[in-house]
Amino acid sequence: MPRFVIQQHAATSMHFDFRLEVAGTFKSWAVPKGPSTDPRDKRLAMAVDDHSLSWGDFEGVIAEGEYGAGPVIVWDRGEYRNLREEPMEECLERGHVSVWLEGRKLRGGWSLRRTGGRKWLLVKRRDEEADAGRNPVGTQPRSVVSGRTIEEVRES
Ligand code: MN
């Protein structure tokens with residue numbers, strides 16, 4: 001199964017980098033508010049450059065002066081499967097991605113729809129894992145790798 005990772009990244013502004021392994025690379029989106037488990041929430045996801053699979057394990061501080069300077073934690077990770085009939089490459093090209101995540105914090109179906117240019121919307125699908133009462137970004141801030149918060153990594 002291909003992997004997904006969500007890295008919380010306090011660069012110029014705080015965001016969550018949502019990455020899906022496709023054809024040997026991480027397709028990536030920056031989600032300012034992070035993922036929601038409430039299917040009524042549409043979270044802006046800006047497509048950004050592909051990242052190497054090895055970057056998905058990075059946790060630490062990107063040095064000042066470098067692109068994206070600031071702390072990064074692995075907020076969630078696991079495996080995913082494509083819920084659509086078409087291969088992922090085609091889904092990305094068409095701007096309609098639907099995946100089932102098997103993470104430590106996030107489980108269930110999410111869809112990513114391109115609304116124009118680099119703008120996509122990340123939305124929880126209505127399934128048994130949907131939960132409007134959960135707020136994982138707020139209540140589960142710690143790294144699934146080290147148990148640290150992004151502020152603890154910043155100060156390390
Ligand atoms: Mn980032």
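The values are calculated or read from the model by the stated rules, or taken from the named source; none is laboratory data. Just so we're clear, the structure is a prediction, and the values are computed from it rather than from any experiment. Here the Cβ positions follow ideal geometry from the backbone for every residue, glycine too, while neighbour counts run over all protein chains shown. Please note that ligands, DNA and RNA were not included when accessible areas were found on the heavy atoms of the full protein model with its side chains. Shrake-Rupley method; radii C 1.70, N 1.55, O 1.52, S 1.80 Å.
Structure notes:
- Counted residues, segment 79-116 - those being at positive phi and assigned to a strand (DSSP E or B): 2
- Every condition in (1) surrounded by 16 or more Cβ atoms within 10 Å (Cβ to Cβ); (2) in a helix (DSSP H, G or I) holds for E151 except the one numbered (1).
- Boolean, L20 is more than 10 Å from the ligand (Cβ to nearest atom), of a type in the set (A, V, I, L, M), open to solvent by 20 Å² or more (accessible area, probe 1.4 Å) and under 20 Å from K119 (Cα atoms): no
- Lone qualifier among E85, E90, E152 - being within 22 Å of Q8 (Cβ to Cβ) and free of Cβ contacts under 8 Å to residues at least 24 places away in the same chain: E152
- Going through (1) out of contact with any strand residue (DSSP E or B) (no Cβ under 8 Å at 6 or more places or on another chain); (2) open to solvent by less than 70 Å² (accessible area, probe 1.4 Å) one by one, L112 falls short only on (1).
- Test result for R134, farther than 19 Å from M14 by Cα and either open to solvent by 80 Å² or more (accessible area, probe 1.4 Å) or within 12 Å of the chain's Cα centre (by Cα) (or both): no
- Restricting attention to segment 66-105 and to residues that are within 16 Å of the ligand (Cβ to nearest atom) and not aliphatic (A, V, I, L, M), the residue that is surrounded by the fewest Cβ atoms within 10 Å (Cβ to Cβ) turns out to be Y67.
- In segment 55-78, the residues that are free of Cβ contacts under 8 Å to residues at least 60 places away in the same chain reach residues that are away from the ligand (no atom under 11 Å from the Cβ) and in a loop (DSSP other than H, G, I, E, B) with C-beta atoms within less than 7 angstrom, at least six apart or across chains, in these pairs: A69/A63.
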